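Participant: Have a look at this one before I ask anything.
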């Protein structure tokens, strides 16, 4: 069972010295058969440096985003397994044996892992974003109907059979990997989460780019996808208990605003705050273990805001689908 590491890259010259050596070492050890970097028309020296370091390099005809770069890689390798690793992710050692073990079961068509507990970004918000991502992946359960391209793998024949990434609908980095996972699951393939398959995320988030990504690159397109294909799924950050937490967060924030005009409502604020703390106790414990009490407090409080704008995005998509009649709308602006 041959494995090709596929790394789409754009303006990644400054990252390659960190992300390429681990997978090139796997190549030298014979754990993977190929390391393929796809330069998406970078204006810097990404392609030249990747080639000089020892990776095989392809260049996209035009800048088409990571989905198009990954599709090009799949067309140019004979490997059995496509292991996708983002250019801002340092893959942990031992990933290849995990993949071979999982794909030894022919019913398994795709797998993915998670970020580790030590992301590169030091600001609290950046750490919160990356750790939240890990939290949901690590507690998701073994089998899901979605997929993640940051550090995930797919059987090459399955990837080609379902048509690869939908680069017509998702022209910018968005939920193209989630949508691909949905197609794989609908075609009868099993998708597994491998908790030990990990990578260190080098991206440094800011509140502004985090909120923009959460709403316009995640919540809105994912909501439209779910609504158009049958409704909410019970997994990751859209599971049933997550919806309950979102309702409590919304009521908490509404009661807090209302208490400004009516102090008698403070009892409601306190009751809802206690409920939110109880419902989010596993998240708080996780954040505390990986950042301390103050970090956990900040993460918990911000997470209530995250629930509100994410659920509001879903509500808007229901409105545009059922009231405005925008059925089949999936494109990301």
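The numbers here are math on the coordinates, done by the rules we state, and not lab data. In this text, all values refer to a predicted model and were calculated from it rather than measured experimentally. Note that we place each Cβ from the backbone using ideal geometry, even for glycine, and neighbour counts take in every protein chain shown.
Participant: Applying 1/(1 + (r/R0)^6) with R0 = 45 Å to the Cβ-Cβ distance of residue 48 and residue 257, what FRET efficiency is obtained, to the nearest 0.05?
Facilitator: Efficiency at R0 = 45 Å is approximately 0.25.
Participant: For region 3-205, what proportion of DSSP beta bridges, expressed in % and rounded to the nearest 5, is antiparallel?
Facilitator: 40 percent
Participant: Which value results when the Cα radius of gyration for the chain is divided by 2.2 N^0.38 Å?
Facilitator: Normalised Rg, Cα atoms only: 1.04.
Participant: So what's the back-of-envelope 222 nm ellipticity for the chain, counting only DSSP H runs of four-plus at -39500 (n - 2.57) apiece and dividing by all residues, rounded to 500?
Facilitator: Helix-only estimate at 222 nm: -15500 deg cm²/dmol.
Participant: Arrange 191, 3 by Cβ neighbour counts within 10 Å, fewest through most, would you?
Facilitator: 191, 3
Participant: Can you pull the one-decimal nm distance between simple spin-label points at residue 118 and residue 172, each 7 Å off the Cα toward Cβ?
Facilitator: Reported label-point gap for residue 118 and residue 172 is 3.5 nm.
Participant: Give me the distance between the Cα centres of region 274-308 and region 1-80, rounded to whole Å.
Facilitator: 37 Å
Participant: Report the Rg/Rh value for region 94-229, based on alpha-carbon coordinates and the Kirkwood definition of Rh.
Facilitator: Rg/Rh for region 94-229 comes to 0.97.
Participant: Rank the residues 261, 212, 286 as a footprinting-exposure proxy: fewest other Cβ atoms within 10 Å of their Cβ go first.
Facilitator: Ordered by Cβ neighbours within 10 Å, fewest first: 261, 212, 286.
Participant: Further, regarding this structure: Per residue Cα convex hull volume for region 206-333, in cubic angstrom?
Facilitator: 134 Å³
Participant: Return the whole-Å distance between the Cα centroid of region 144-183 and the Cα centroid of region 92-140.
Facilitator: With region 144-183 and region 92-140 each reduced to a Cα centre, they are spaced 16 Å.
Participant: I need to check one value: relative contact order of the chain, counting alpha carbon pairs closer than 8 Å and at least 6 residues apart, in percent.
Facilitator: 17 percent
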